[in-house]
Each structure stands twice: as structure tokens, then as C-alpha cells.
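Visitor: First, the structure itself, so that you have it in front of you.
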Amino acid sequence: EAQRHYDAVAAEADKECEEASDVLLEEKCFWNKMYARLEEYRAENGHCLVNRQWYSKINQDDEEHRKLGVWVGKQRQLFRKDELEKHKIIALNKLGFEWEPFESQWQS
């Protein structure tokens, strides 16, 4: 379901929107800071399947990692509510972001 929703949103996105997404990622704001952390996580782990539980169990004292897990969960929540901006959806998809991690794990 979420993947179909993403595909519909992505189908609307043309080259201009993707370029705008890249430009918006250069702005200094909290969202972009967390996105950069997610890029680092993906580079280290090969996926974007970050969650709060993983960080709370492995890195109990690492507040920054916990924040990333919370942020990732919030992006999924906003996406499901159709409240996540299109350029953010495009940016996250470029990283291979899993919108429904349990659904994709179940299918594999």
C-alpha cells in the first residue's frame, strides 16, 4: 500500500522537482541534518532500516543515534498521513528508504 502511494507521488515528480529536491537538501535545517545522518548510516550499514528499538538496545548512551531512529519513524508516519513534502519523499527514496519496513521484510 505504501509503495503504491510512493509510486503515485514519484510519478508526478519530473526532472525539475528532483533538481529542486537536491537544492533544498543544501539548506541548513534540522531535517537536512538528520537526512545527512541517515546518509552516513546507509553508507555504514547498506540500508536505511533505522529504528528506535535498535538504537535503544545497542547504543543506550548515544542520544544522537536515538534521535535518528525517532526521526526515521516520524518520516514514515508523515508519509502515511500524506503530510511529507514531495521533495523529501524524493530525497529519501534516493537513499533506498523503506516506507513500510515490516512489509518489505515480510516479502523477502
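Visitor: Can you find a residue that is within 21 Å of residue 102 (Cα to Cα), part of a helix (DSSP H, G or I), more than 17 Å from the chain's Cα centre (by Cα) and modelled with pLDDT under 90 anywhere in region 16-26?
Guide: no
Visitor: Just for region 46-57: of the residues that are open to solvent by 20 Å² or more (accessible area, probe 1.4 Å) and at pLDDT 90 or above, which one is farthest from residue 102 (Cα to Cα)? Show your work before the answer.
Guide: Taking region 46-57 and keeping what is open to solvent by 20 Å² or more (accessible area, probe 1.4 Å), we get 46-47, 49, 51-54, 56-57.
If we keep only those that are at pLDDT 90 or above too, we end up with 46-47.
Details: 46: 17, 47: 14 Å.
Filtering region 46-57 for residues that are open to solvent by 20 Å² or more (accessible area, probe 1.4 Å) and at pLDDT 90 or above, the one farthest from residue 102 (Cα to Cα) comes out as 46.
Visitor: Among the residues of region 61-75, are any open to solvent by less than 90 Å² (accessible area, probe 1.4 Å), modelled with pLDDT of 85 or more and not in a helix (DSSP H, G or I)?
Guide: no
Visitor: I'd like the residue in region 78-88 that is under 17 Å from residue 48 (Cα atoms) and modelled with pLDDT of 95 or more and, out of all such residues, is least open to solvent (accessible area, probe 1.4 Å).
Guide: Within region 78-88, the first condition is being under 17 Å from residue 48 (Cα atoms), and the residues that meet it are 78-79, 88.
Next cut, modelled with pLDDT of 95 or more only: 78-79.
On the way: 78: 37, 79: 5 Å².
Only one residue fits best here, namely 79.
The values are calculated or read from the model by the stated rules, or taken from the named source; none is laboratory data. Nothing here was measured: the structure is a model prediction, and the numbers come from that model. With ligands, DNA and RNA removed, areas are computed over all heavy atoms of the protein, side chains included. Shrake-Rupley method; radii C 1.70, N 1.55, O 1.52, S 1.80 Å.
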